[in-house]
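Written below as structure tokens is the structure these notes are about.
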Amino acid sequence: MSHLALFLFGPPRLQRDGITIEITRRKAMALLVYLAVTGANHSRSALANLLWPEYDQRRARADLRRTLSVLNKALPGDLLLAEREIVSLNGQNKLWLDVKEFRELLAECQRHGHPPNEVCPACLPFLTGAVELYQDDFLAGFTLSDSTNFDEWQFFQTEQLRAELARALT
């Protein structure tokens, strides 16, 4: 079974078994990132509005169909689940995500019985691992110039992750 990994600390990149998979369309990468980070089902209308807020719904959905096609060709197997009205990633466990790993490592420390501002020796490996994953800000250098909705979502994700990093470093 191949190992599929999506790295989002720094410029986004997708790898299969350590080899980069090129996704040439920025909107396709943005869509993959959004689906992976949210881990939820999304309506086609919501995704169209996220990525093409300036377009009318018909044109935005047509561009979403083309983007889904590009993404489906780049991704292995049945990872992308694009139904008539709902889009999601099929089987989140098939895709390793550095942001998810970062948050899971931090969550390990919260499961201990000590107050959040105290660190026990058992927490240090988890905190160290989380800090090492944080290579750069979330999607550093990646923007969609014509999608303020995606850029706003990205901004809030970046700020939230920075705050989580600051707590880990403290």
As an exercise: evaluate Glu83 against (1) touching a residue at least 40 places away in the same chain (Cβ under 8 Å); (2) under 18 Å from Thr38 (Cα atoms) and give the number of the one condition it does not meet.
(1)
Between a first residue in the range 1-24 that is under 15 Å from Leu35 (Cβ atoms) and at pLDDT 95 or above and a second residue that is of a type in the set (Phe, Trp, Tyr) and open to solvent by less than 20 Å² (accessible area, probe 1.4 Å), which pairs have beta carbons less than 6 Å apart while being 6 or more apart in sequence or on different chains?
Leu8/Phe138; Pro12/Phe142
I'm told Thr170 meets every condition in (1) farther than 14 Å from Val33 by Cα; (2) at pLDDT 95 or above; (3) hydroxyl-bearing (Ser, Thr, Tyr) except one. Can you identify the failing condition by its number?
(2)
Consider only pairs whose beta carbons are under 9 Å apart and that are at least six residues apart or on different chains; among these, list those whose first residue lies in the range 144-170 and is at positive phi and whose second residue is assigned to a helix (DSSP H, G or I) and among the small types (Gly, Ala, Ser).
none
Test Ala107 against the stated conditions and say whether it is closer than 23 Å to Ala40 by Cα, at pLDDT below 95 and open to solvent by 30 Å² or more (accessible area, probe 1.4 Å).
no
Collect the residues in the range 114-147 that are over 16 Å from Leu8 (Cβ atoms) and open to solvent by 90 Å² or more (accessible area, probe 1.4 Å), keeping them in residue-number order.
Pro116, Asn117, Glu118, Pro121, Leu124, Ser145
With the requirement that a residue be over 16 Å from Leu32 (Cα atoms) and either out of contact with any Ser or Thr (no Cβ under 9 Å at 6 or more places or on another chain) or hydrophobic (A, V, I, L, M, F, W, C) (or both), what does the range 47-68 give you?
Tyr55, Asp56, Arg58, Arg59, Ala60, Ala62
Among the residues of the range 137-161 satisfying the criterion of being among the hydroxyl-bearing types (Ser, Thr, Tyr) and assigned to a loop (DSSP other than H, G, I, E, B), which is nearest to the chain's Cα centre (by Cα)?
Thr143
So which residues in the range 77-136 are under 17 Å from the mean Cα position of the chain (by Cα) and of a type in the set (S, T, N, Q)?
Ser88, Asn90, Gln92, Asn93, Gln135
Pairs please, first residue from the range 119-136 and more than 14 Å from Leu165 (Cα to Cα), second anywhere and open to solvent by less than 90 Å² (accessible area, probe 1.4 Å) and assigned to a helix (DSSP H, G or I), Cβ atoms under 8 Å, 6+ apart in sequence or on different chains.
Val119/Cys109; Val119/Leu127; Cys123/Glu108; Cys123/Cys109
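The values are calculated or read from the model by the stated rules, or taken from the named source; none is laboratory data. This one's a predicted model, so the numbers in the text were calculated from it and none came from an experiment. Cβ sites come from the backbone with ideal geometry, for glycine too, and all protein chains shown count toward neighbours. Areas reflect the complete protein model, heavy atoms only, side chains present, ligands, DNA and RNA absent. Shrake-Rupley method; radii C 1.70, N 1.55, O 1.52, S 1.80 Å.
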